[in-house]
Each structure stands twice: as C-alpha cells, then as structure tokens.
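Encoded as structure tokens, the structure appears first; notes follow it.
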Amino acid sequence: MSSAPLGTPGRLRLMAVHAHPDDESSKGAGTTARYAAEGVEVLVVTCTGGERGDVLNPAFEVPPGHEFETLAGKRAVRRLEMAAAASALGVRQHWLGFVDSGLPEGDPLPPLPQDAFARVPVEVAAAPVVEAVRRFRPHVLTTYDPSGGYPHPDHVYTHTVSMEAWRAAGDPARYVVDGGAPPWTPLKLYYNHGFSLARLRAVHEAMEGLGLESPFGDWIESRAAREIPERQVTTRVTVADYFGQRDAALVAHASQIDPTGFFFAVPRDVEADVWPWEEYELAASRVPVEPEEDDLFAGVRGTQEAR
Ligand SMILES: [Zn+2]
C-alpha cells in the first residue's frame, strides 16, 4: 500500500473518509467538488476496495481485459471507476487497502468473512487512517455517524476508525511508527447526512406537486415508522452548482450506479430549487463554532491556512 499523500502547507485541507468506492460520490460529493474548486485541498480516503459489491447497474459492461467475478477482479474494476470519479470531483483519493466485508443477509445473519474490514482490530484498522491524517494534515475531517448512516458493517466501522483517528492522530504517544509523520490534530469533525427525513420530505412533496413520481415515498414511510430519532443537522453547504460534477462522479461508478435509476430520479432543476445543500452534523470541534453553519471551515478559515 502506498503512503497517503502529503498535504500542501498554506492551503486549507479537507479529508473525507468513506467505506467503499462510490460512497464519496453519493455522500458529500458536491461538497468536496465545491471545496476543491475553491482551492481547498481535498483528499478522499477509501477504507475498502468494494470487492464484495454486486453489479447494481443492469447496463454495466465489464471493461475490456477485466473480469468482475473474483475479489481481485472487482477490486481492479472498481479502482478504474474510482479514478474516474475522483477526476470528475477534482479531488485526490487514497486507498487504505482493506477488504470489503460485504452486506450480510439472512436470519440469523451469517458471520463476516475472515478477511473483512469490519473484523480487523481497531488499532490495526485505524493505523492507516492516523497515518493519512498525519501526512495530509486536514483541518476538517468528515465521516459517518455511529449508525454508519446505512446498516453496512463497513460503514459502521468507518465511523469507528475515523473517531479513533480524530482522537489519536495528534497524540505523540499513540500510533508511534518509526519514520512516521509527526502528530497532527484536525480541528473539526463532521458526520455526513445526505438523506435527512427533512430532505426526503421536501423533495418528495416537490415531485408530487409537479405530478412526477417521487423515489422517496416508501422510504419516508419506513423511516417514519421506525421512529429512529433524526440526527442533528448543524451545517448546510450549498452545492447546486456542483451537481454536474457529483453526477459525473456517480456515473463513473458504472458497476454500481444505474444512470437511469434512483440517484437520477429527481430532475436537477427541482433538486436545485428545493434542496441545493448537502447536510452535516458537527460532531466535534477544537475551534469555537456557531450553532448553525454554511461552511465546514467556519472558525478555521483565516487562522489556519499557514499550518
Ligand atoms: Zn458503502
């Protein structure tokens, strides 16, 4: 596994930690595209290779010279897709090299495979995240909430290792590696909230109002029925100008994203009108903050660029 990229001194830096290739395109993609366009240095860190994903796009064709049957074959194809997505977003990307745990199904649930990311001990799984933080030196870190935001073991574990890195990367006594980068303390930590009930409802109502079929009807009902408390949203980043880049990144994940499917069911002018934001929950901060924000770098900007 190659080393994580070094951050550039004098620039604001954002690191987004994700479970699988394609998560960076379906969660917070507009935000990373926007900050990159505005001169922030953005690094997407991908914990696993997505080796246990199924083909989710009926029109997917395996690229010439590749196969999509073995873990190694899927990993190789998904690396190609990820490179195209990162290019569409204008961001850098770094693989941690862990193996996709797969989404266990059945009752009772089967055990996770031996090589699964979610079975790797925390101090082993977090070590390369700590290393990436120390080398890239992000001011802001994004990850998932404790539920994973989606009940996939890799998403839950991505939260776990990100929190460990948030706590440990600045501590010179932890994760000591010969020749390793010096400690670095990120200043703000966010959870991605791409699918708040408020968003689902707003878009759903707008679609119905226009006589269009909403993709969110059943989802809203099941979410409301589960009565899971909604996570807090502290921060809305306006990204409508970056929907095009986000969509290009999604489509780049050709094995996973159906360009006529769910992610494209809402006309973009409707989305821009009703919900031009991506939402976040400020989970922790080491700088003073306001209760509501429209910028992940609020409280950081103007003070930290030189670090
Ligand atoms: Zn995922």
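Remarks
- Tabulated pairs, segment 15-28, first at positive phi, second within 10 Å of the ligand (Cβ to nearest atom), C-beta under 9 angstrom, 6+ apart or interchain: Asp22/Gly50; Asp22/Gly53; Asp22/Gln256; Gly28/His18
- Number of the exception - Ser3 against (1) surrounded by fewer than 24 Cβ atoms within 10 Å (Cβ to Cβ); (2) within 16 Å of the ligand (Cβ to nearest atom): (2)
- The condition of being modelled with pLDDT under 95 and over 30 Å from Gly10 (Cα atoms) holds for only one of Gly102, Gly106, that being Gly106.
- Some residue of segment 140-147 being in the same structural domain as Gly49 (by TED's automatic domain parsing), over 14 Å from Cys47 (Cβ atoms), among the charged types (D, E, K, R) and within 16 Å of the ligand (Cβ to nearest atom): yes
- Screening Ala198 with (1) surrounded by fewer than 15 Cβ atoms within 10 Å (Cβ to Cβ); (2) touching a Lys or Arg at 6+ places or on another chain (Cβ under 8 Å) gives one miss only, at (2).
- Condition check for Ala272: in contact with a helix residue (DSSP H, G or I) (Cβ under 6 Å, 6 or more places away or on another chain), in the same structural domain as Glu24 (by TED's automatic domain parsing) and farther than 27 Å from Asp54 by Cα: yes
- Failed criterion for His155 (all others in (1) within 25 Å of Ala36 (Cα to Cα); (2) surrounded by fewer than 23 Cβ atoms within 10 Å (Cβ to Cβ); (3) at pLDDT 95 or above; (4) within 16 Å of the ligand (Cβ to nearest atom) hold): (2)
- Filtering Asp22, Asp100 for residues that are crowded, with 17+ Cβ neighbours inside 10 Å, of a type in the set (Asp, Glu), within 15 Å of the ligand (Cβ to nearest atom) and under 20 Å from Ala126 (Cβ atoms) leaves a single hit, Asp100.
Residue-wise test of (1) polar (S, T, N, Q); (2) free of Cβ contacts under 8 Å to residues at least 12 places away in the same chain; (3) touching a Lys or Arg at 6+ places or on another chain (Cβ under 8 Å); (4) in the same structural domain as Ala125 (by TED's automatic domain parsing).
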{"site": "Ala168", "(1), (2), (3), (4)": "no, no, yes, yes"}
{"site": "Asp171", "(1), (2), (3), (4)": "no, no, no, yes"}
{"site": "Val177", "(1), (2), (3), (4)": "no, no, no, yes"}
{"site": "Arg223", "(1), (2), (3), (4)": "no, no, no, no"}
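- Subset of segment 33-60 [away from the ligand (no atom under 16 Å from the Cβ) and of a type in the set (Ser, Thr, Tyr)]: Tyr35
The values are calculated or read from the model by the stated rules, or taken from the named source; none is laboratory data. Predicted model, so just to flag it, every value in this text is computed and none were measured. When we count neighbours, we look across all protein chains shown, and the Cβ atoms used for this are built from the backbone with ideal geometry, even at glycine.
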